[in-house]
Amino acid sequence: MRAIPILLVSTALGAGAIGAAVKMAPPSPPQSITISDGHDWERSRPGPDSGRVAILIDALGRTDPVVCELIADQLGNFWWSGGREGVGRLAAASPTVQVAKDSIGGTITDARAINRIIAELDGSSACTRRVASKLLGQSAISAPRLNALLTDASANVRESAASAAGNGERHEVIPTLERALDDRAPAVAAMAAWALGEIEDHASVPRLLKFVRTGDPKVRLAAIWSLGRLEDGRGVQDIIATLRDPNVAIRTMSADVLGDFENAEAIGPLERALGSDADAGVRAAAASSLGKISAVSSGPALGRGLSDADIAVRRAAAEALGNLDELRTAPSGLVAALSSTDPELRHVAAKSLASIADPATTSSLVGLLSNPDADLRKDAVEALGKIGTPTAVQAITRALTDRDPQVRKAAAEALGDIKDS
């Protein structure tokens with residue numbers, strides 16, 4: 001998946017886009033600059049010059065919006081092709097184009113390229129603004145200049161600059177980002193809250209906490225998300241309180257991030273959300289978070305979640321049960337899930353039974369070895385391998401003759417792990 005942008009950048013923009021960046025007259029040498037703390041931003045992989053930056057932004061502005069968003073998603077995520085000698089690429093792939101593509105992921109030090117990026121921060125296209133903000137985040141823009149953009153008269157520029165600060169994890173502008181939480185434009189405040197989460201400085205927790213319970217929903221969502229990323233215990237009680245919020249998006253986000261804290265104080269509220277919240281998304285998030293906290297005491301609540309009306313909740317509860325520390329007795333609902341009409345639930349249930357390794361489930365797992373679903377038979381073999389009783393060993397031994405090679409492989413590995421001579 002991470003190689004997709006190679007094709008996107010070289011084909012979706014058109015052969016002339018990056019090709020033009022390569023064939024154009026050689027630009028004058030980039031003007032290398034440093035940020036205010038004197039840190040040298042020159043790296044072994046140089047970033048694009050102003051010509052390539054202009055071509056990229058202009059091409060994205062003309063292309064299909066979906067293609068633009070795909071590339072925006074992947075900026076910073078694709079592999080550098082250096083040292084791979086073209087392995088895995090079509091023979092006709094141009095090495096020159098690959099060099100141009102690789103430069104887009106490097107640190108941008110060309111002052112004219114940075115100026116072109118900044119000019120796009122107030123553009124009419126949300127996608128090219130997003131691309132520009134990501135490029136600015138990987139540039140050598142100085143802290144004073146980035147601070148100035150964060151306080152620009154244009155809300156678009158302020159929002160994009162906050163995005164750049166988050167993408168670049170620019171600790172030097174944290175005070176300005178914290179002030180931006182009070183920005184009159186909710187989009188700017190929300191992006192500032194997100195950026196503080198990306199930077200992950202625990203000193204920002206008190207400021208973020210002020211926006212958890214009240215204010216614009218987008219800002220609150222970003223603040224809750226950032227506190228979850230910071231995993232600072234000071235945020236637990238405020239986020240627990242929002243599990244009763246009338247806004248379902250707030251409740252879902254809170255139920256989701258509470259698991260990241262792995263704090264026992266959240267267990268009771270999450271169990272109540274799993275059992276009673278009107279929204280299935282909140283219930284599923286609560287089940288997943290209980291699995292992250294891994295308290296064996298959550299077994300009964302998650303067991304009840306296996307009978308939830310919504311399949312996503314049942315899947316989340318089944319997976320969470322497999323994550324509970326020291327759970328050694330499988331809930332009856334988890335065994336029943338092996339017969340579900342939903343393939344994913346059956347798979348998750350088998351995986352969780354493998355983690356629990358309850359000998360009482362042996363006969364049910366043995367029964368799966370005749371199931372037409374090869375993946376489920378493989379799951380059953382792995383679960384029986386964890387149980388390791390004589391009956392389980394006999395069943396695994398029979399699976400060595402299964403018609404599917406992956407099942408036979410799993411059986412051989414399970415017997416090796418059991419080490420029964």
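The values are calculated or read from the model by the stated rules, or taken from the named source; none is laboratory data. This one's a predicted model, so the numbers in the text were calculated from it and none came from an experiment. All Cβ positions, even for glycine, are placed from backbone atoms using ideal geometry, and neighbour counts span all protein chains on display. To get the accessible areas, we keep the full protein, side chains included, count just its heavy atoms, and leave off ligands, DNA and RNA. Shrake-Rupley method; radii C 1.70, N 1.55, O 1.52, S 1.80 Å.
Numerical summary
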read-out: Under Karplus coefficients 6.51, -1.76 and 1.60, residue-wise ³J(HN,Hα) of region 403-408 in Hz, glycine/proline x; value: 6, 9, x, 5, 5, 4
read-out: Segment Asp279-Val99, extension gain: residue separation times 0.36 nm, minus the distance between their alpha carbons; value: 59.9 nm
read-out: Given Lys292/Lys419; Lys351/Lys409; Lys101/Lys218; Lys134/Lys210, the pairs whose alpha carbons are separated by over 25 Å; value: Lys292/Lys419; Lys101/Lys218; Lys134/Lys210
read-out: Whether region 314-421 is rounded, prolate or oblate, judged on the alpha carbon gyration tensor where a/c under 1.5 counts as rounded; value: oblate
read-out: Estimated inter-spin distance, Glu69 and Thr397, nm [label 7 Å along Cα→Cβ]; value: 5.7 nm
read-out: Zone of Ser355's modelled label, taken as backbone nitrogen in region 263-292 under 14 Å from a point 7 Å along Cα→Cβ; value: 287-292
read-out: Global form of region 248-332, assessed from the alpha-carbon gyration tensor, a/c cut-off 1.5; value: oblate
read-out: Whole-Å distance, taken between Cα centres, linking region 141-164 and region 85-127; value: 22 Å
read-out: Gyration tensor (alpha-carbon) shape descriptor, region 84-240, a/c threshold 1.5; value: prolate
read-out: For the chain, accessible area per residue (1.4 Å probe, heavy atoms of protein chains only), Å²; value: 46 Å²
read-out: From the coordinates shown, Rg and Dmax of the Cα atoms in Å corresponds to which of [x] 21.3, 69; [y] 29.1, 99; [z] 26.4, 76; value: [z]
read-out: Computed over region 310-400: relative contact order in percent, which uses C-alpha pairs under 8 Å that are six or more apart; value: 25 percent
read-out: Rounded percent of accessible protein surface that carbon and sulfur make up, region 287-367, 1.4 Å probe; value: 50 percent
read-out: Sequence-separation-based contact order of region 249-395, relative, with Cα cut under 8 Å and 6+ spacing, percent; value: 16 percent
read-out: Between helix 267-276 and the chain: long-axis angle, C-alpha atoms, 0 to 90°, nearest 10; value: 80 degrees
read-out: Val296-Arg112 FRET efficiency (beta carbon distance; Förster radius 56 Å; 0.05 resolution); value: 0.40
read-out: Extended-chain gain in nm, criterion 0.36 nm per residue less alpha-carbon gap, Ile311 and Asp417; value: 34.8 nm
read-out: Heavy-atom accessible area order for Leu334, Leu415, largest first, 1.4 Å probe; value: Leu415, Leu334
read-out: Nearest-0.05 FRET efficiency for Ala92 and Arg408, computed from C-beta distance (R0 60 Å); value: 0.90
read-out: Degrees separating the helix 343-356 axis from the principal Cα axis of the chain, which is the longest one; value: 70 degrees
read-out: In degrees, nearest ten, helix 155-167 long axis to first principal axis of the chain (Cα); value: 60 degrees
read-out: Loop trypsin sites (Lys or Arg not before Pro), region 84-163, which have at most 14 other Cβ atoms in a 10 Å radius of their Cβ (DSSP); value: Arg84
read-out: Heavy-atom accessible surface of region 143-214: percent carbon and sulfur, 1.4 Å; value: 52 percent
read-out: Relative contact order, percent, the chain [alpha-carbon distance under 8 Å, six or more residues apart]; value: 8 percent
read-out: For Ile108, residues with placed amide H under 5 Å, excluding near neighbours; value: Ser139, Ala140
